[in-house]
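One structure is given here, and the rest of the page talks about it.
The values are calculated or read from the model by the stated rules, or taken from the named source; none is laboratory data. Keep in mind it's a predicted model, so treat the numbers as computed, not measured. Counting neighbours? That spans all protein chains shown, and the Cβs are built from the backbone with ideal geometry, glycine included. Ligands, DNA and RNA are stripped out before the accessible areas are found, and what is left, the full protein with its side chains, is counted by its heavy atoms. Shrake-Rupley method; radii C 1.70, N 1.55, O 1.52, S 1.80 Å.
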Amino acid sequence: MANDLFLHVRVIVGVILGLSVSRLLLGLAAFVEHPGRRKVSLVHLGWVAWALLSVIGYWWWEFRLNQITDWTFGRYLFIFAYASCYFLICAILFPGDLEGYDGYADYFLSRRKWLFGLIALTFFLDIGDTLLKGVAYYEAHGLMYSTRAALSILGCALGAVIASRRFQLWLVLAAILGQLGFFFVYFDRLG
């Protein structure tokens, strides 16, 4: 029965994350379909890469939800909200319309507070998600896990207030390397 509940929850997570990946891939495909139509931004593309990596990583590590045997509607809503944050991040990265903006660099800088607010929220939600899987599971991640979350949230706060493109480029590079390191250290294998 617990496994059936896990599969039920996993379906909605899969749908939301599938929409997230779709949004990112369609946005990237538009650059190939119509090169030069919109000004490309390295910072924007970096956050697209971070988002794609994060969505894929989220789907990968959420397999651990199978350890939860007592599913409640509150837990279900929590997981739904967490996955939905990733969709909102992807929607901000590739809006339906760029009218009024001089390309993705201009758009990114104007929406960075929303983007970084949602990214910071995912780090807070990740702590809750990890605790859902048990205190022992949370503690097994050690100090590095909490330090990563705190530094990521600090990076989001700085990213929200500092408009310098150079700073933003270094921030996205650090974020991508941090995600890759985290995934390979903590979640390289699911077994």
Return the only residue of Y101, Y82 being hydroxyl-bearing (S, T, Y) and over 21 Å from T122 (Cα atoms).
Y101
When residues of region 54-93 are filtered for being at pLDDT 95 or above and open to solvent by less than 40 Å² (accessible area, probe 1.4 Å), how many remain?
12
Taking region 7-52, which residues are at pLDDT below 95 and of a type in the set (S, T, Y)?
S41
Residues located in region 66-105, provided they are over 19 Å from S20 (Cβ atoms) and touching a Gly at 6+ places or on another chain (Cβ under 9 Å)
Q67, I68
What residue, among those in region 108-131 that are open to solvent by 40 Å² or more (accessible area, probe 1.4 Å) and over 14 Å from the mean Cα position of the chain (by Cα), is modelled with the lowest pLDDT?
L131
The correct count of residues that are assigned to a helix (DSSP H, G or I) and open to solvent by less than 80 Å² (accessible area, probe 1.4 Å) in region 23-38 is 7
Only one of (1) touching a residue at least 12 places away in the same chain (Cβ under 8 Å); (2) hydrophobic (A, V, I, L, M, F, W, C); (3) assigned to a helix (DSSP H, G or I) does not apply to L98, and that is (3)
